[in-house]
1. Determine whether Arg122 is out of contact with any Gly (no Cβ under 7 Å at 6 or more places or on another chain) and over 23 Å from Leu152 (Cα atoms).
2. Among the residues of segment 441-482, how many are surrounded by 14 or more Cβ atoms within 10 Å (Cβ to Cβ) and either of a type in the set (Phe, Trp, Tyr) or closer than 15 Å to Gly323 by Cα (or both)?
3. Could you identify the single residue in Arg420, Arg368, Arg386, Arg404 that is touching a strand residue (DSSP E or B) at 6+ places or on another chain (Cβ under 8 Å), of a type outside the set (S, T, N, Q) and buried (at least 17 other Cβ atoms within 10 Å of the Cβ)?
4. Can you tell me which of Leu131, Leu107 is part of a helix (DSSP H, G or I) and more than 12 Å from Leu89 (Cβ to Cβ)?
5. May I ask you to list the residues in segment 421-471 that are basic (Lys, Arg) and in contact (Cβ under 8 Å) with a residue 24 or more places away in the chain?
6. Given the structure, is Asp333 at pLDDT below 95 and buried (at least 16 other Cβ atoms within 10 Å of the Cβ)?
7. Out of curiosity, is Arg105 under 24 Å from Ser150 (Cβ atoms) and modelled with pLDDT of 95 or more?
8. Using beta carbons and a limit of 6 Å, which pairs, at least six apart or on different chains, have the first residue in segment 243-261 and surrounded by fewer than 18 Cβ atoms within 10 Å (Cβ to Cβ) and the second one charged (D, E, K, R) and assigned to a loop (DSSP other than H, G, I, E, B)?
Amino acid sequence: YEWGIHLMRSWLLAKTPLPAGDASESYTVGERISNACLFSRIHAGNWHAFPSDISEALLCKANYLARHIEYHAGELSGNHVINNARALLMAGHCCDAEEYIDLGRELLKERLPNLLVDGFLREGSSHYQFLFARWLLELRLLCIESSDNSTLTVLEPYIDLVVSACQFFLVKGHDGHNRLPTFGDVSPDCEPDWLIDLPYSSLVQSSNQVNIPLQGWAQLFADEYTLKLTSEIQLNVERQGWQAYSNAGWYRLDKHGWTALWHVEDATGEAIASHAHHDLGSVVLFHEGREIWIDPGRHNYTSSNEMGEYGIWGASHSSLRIGDMDSMLSKGDRFFPATYRKSHVNVTGEDYGDEGFTIVIIHDGFTRCVGGVGIHRRIFNFKPERLEIVDEIDGMGSQILEARFQWPAGQSWNQEGINRFRMISEGNDYLLECVSERMESFDMKTISASDDPLAGWRFPAYGVREPSVSQMFSGEMYLPAKCRYVLTCGVV
């Protein structure tokens, strides 16, 4: 504790409470306030352990933040407002400033209904879902211990749904450890693994809590007493079947040893603050807990840097492209007119029992920019040890089609002929074969860890890149056209 207080004083002496430049952006000011308050709670055992000089500095920051809330025009006010509210509530309670508590509560009341759909943060990122849940759980702890029932009343309708939505993304690996696919942006706030055990934290009340050693953020609260909460979260530990949250744009299938996850939402309507990517039709795929196809995440937010933009593109996902066009934009593409982004998508799932399960994604996203192209149907037929994907493209004339699949690096891979690709990963053998109709030319390429052309990367944390494998089938085809990709699994 003394070391931490000394560090805060050292920083304030060198920087002042409100230094110039990026260090006084609202989000970073809010993070310093919240982390200081959490430090007091964890290391001193209460929220009010600050010496007077630290408390005065925090109030100075809170006063600045209260005048620089991150509201933007239209629907462009995103998760940052909740981060602002978290900091104001913590500063208010830790430094006995009621006006900041009131303001923070009003921000939560106004923004939470707009940002959440069925418990999912509407911004299209699995990592930000966990980050958002962390903020709400920390606020609930603060409010319970500060007897702030007014703010608890605002929070309680959302917390259980948000934590359950976090668990939607977790996939139990063959080694018994959970994995978190990195849909959308990866936040610089912390590594995804830091939050992966959040649903099992003692700050989450569950009637079927999983008894596992906790790591990262959840471990900070491992010795907490059981909070007296108004409800319990039913953790979905052993998943089976089809989960469809069509309003939120998230889908998951657990059947015949397969686990598959999709982010599917159209880009129609007013632009929003978003961390989503061009991932329509792409699937994150596991078999018996082993990774097969991945979502790369995102390396950084530098728009002028090609590596920073790579994770957004459809080319970095396991999806279909026509020419150099992605299948659909996202609601976060605010620099495009709404009429250009406008598109429609529909997802259906049908269970055939022991015979398998079929998911169909139908959309008109290509019609915005590719002349002669109509509806695209991507069909997933799941059977034991076998997955068949069919792309059906309506239209007329010829087009260059490219289907990409993003694999983990694995132990080895190789191309077999012009249309077969084999990957050995985590002790299993995976064979992918492409069969196309009305194709004039055909090519298959495999790229790993390449900067020119940029392909074959994944980003497990912000600013961190690891090799993966981008494998693609491409060729000129006459429309209407149909392409089939057959994946079979076996033990090496």
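The values are calculated or read from the model by the stated rules, or taken from the named source; none is laboratory data. Every value quoted in this text rests on a predicted model; they were computed, and no experiment measured them. In this analysis, Cβ positions are derived from the backbone assuming ideal geometry, glycine residues included, and neighbour counts consider all displayed protein chains. Calculation scope for accessible area: heavy atoms of the full protein, side chains included, ligands and nucleic acids excluded. Shrake-Rupley method; radii C 1.70, N 1.55, O 1.52, S 1.80 Å.
1. no
2. Here the count works out to 13.
3. Just a single option satisfies the conditions, and that option is Arg404.
4. Leu131
5. Arg438, Lys445, Arg458, Arg465
6. yes
7. yes
8. That search, which allows pairs on different chains as well, returns Tyr245/Asp118; Asn247/Asp118; Gly257/Glu288.
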